[in-house]
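The following block contains the structure, expressed as structure tokens.
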């Protein structure tokens, strides 16, 4: 099962999450732990459960990731890009919910301000 199918199965409750073993150039040993242990250059997509929005959302590096992994689009979860995250800071819950609704209809749309 590829990582995206696994993330989707966990998100839909069909599979239990398990600790991830990470072995990168920045880690000297295999250590079970969160994705924050990965080197930022190695992370291209993360499936998150937003407690604020009560929804799963993808956070991806760029459009090239979506081209390489079309399964992300097929999940139906909203997609945010790494460069959009800063624009989301300080938004109210209502504003974030409105953005989420737009992203559900237009998954590759961008938050500009």
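Every number here is computed from the coordinates shown, using simple stated rules; none is lab data. Computed from a prediction, not measured in an experiment: that's the story for all the values here. In this analysis, Cβ positions are derived from the backbone assuming ideal geometry, glycine residues included, and neighbour counts consider all displayed protein chains.
Order these peptides, 73-81, 44-52, by their mean beta-carbon neighbour count within 10 angstrom, highest first. List each step's numbers first, then the result.
Details: 73-81: 17.9, 44-52: 14.2.
Ranking, from highest mean packing down: 73-81, 44-52.
Can you pull the one-decimal nm distance between simple spin-label points at residue 92 and residue 62, each 7 Å off the Cα toward Cβ?
The two pseudo-label positions are separated by 3.5 nm.
Taking only the C-alpha atoms, wrap a convex hull around region 54-113 and report its volume per residue in Å³ as a whole number.
Dividing the Cα hull volume of region 54-113 by its residue count gives 75 Å³.
Tell me, in nm to one decimal, what length is gained between residue 74 and residue 109 on full extension, where the rule is 0.36 nm per residue of separation less the Cα-Cα distance?
11.0 nm
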